[in-house]
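Here is the structure we will look at.
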Amino acid sequence: MPNRGGISFRPVTKEDFPLLLTWLSEPHVARWWDPAEQAIGKIERHLEDESVRPLIVLVDRDPFAYIQVCQLDAEGDGEISLCSTPNGPLPVGTVGFDQFIGPKEKVGVGLGPRFMELMMTKLFDEGVPAVLVDPHPTNIFAIRAYEKAGLKPSHEVDTRNGRVQVMVRYAQEFE
């Protein structure tokens, strides 16, 4: 996958589960994600699900983050409110992503916006019309990182997992 500024992506394998378990147990990750064992179970199911791409993010070949890219059209989980903004529905083909940086020392140094922007470049090059993220409204560090990557707040909505701040970036805004 793309590599710019030393950042690249590779698919998650089962061999990554111990590393992911360690990261998911870090307080700065655990606060916002499912319990580590439960999250690993979901990631394992994603390995067989063509609508979700679980990826390890590397900087200079060193793993430091996780990102999963989800085809929202394929989710079928009743979260229609995520894909409907106050200005109307998001385009068919919109994807969502969730991610975290594992090692605490890699947080807050600008890597998050860099790898998110690189991922959006790839997705928009593939023809994706829009990208959506849905952090908890009080996760101000994530929201700031998303804003630095060019995602804009759209609206807040209650989901089956709690309240979220929907943020969107459209391909035509990406230059």
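Bear in mind that the values in this text are calculations on the coordinates, not laboratory data. Here the structure is a predicted model, which means the values were calculated and not measured. Virtual Cβ from ideal backbone geometry, glycine too; neighbours counted across all protein chains shown.
Structural remarks
- Net dipole in debye of the chain [+1 Lys, Arg Cβ; -1 Asp, Glu Cβ; about Cα centre; nearest 20]: 520 debye
- Choice from 73, 134, 158 with maximal GNM fluctuation in the chain (Cα, 10 Å cutoff): 158
- Charge dipole of the chain about the Cα centre (unit charges at C-beta), most positive-ward option of 13, 115, 69: 115
- Exposed-loop-free span, longest in the chain, where trypsin sites (Lys or Arg not before Pro) count as exposed if DSSP calls them loop and at most 13 other C-beta atoms lie within 10 Å: 62-159
- Fraction of beta bridges assigned by DSSP in the chain that are antiparallel (%, nearest 5): 95 percent
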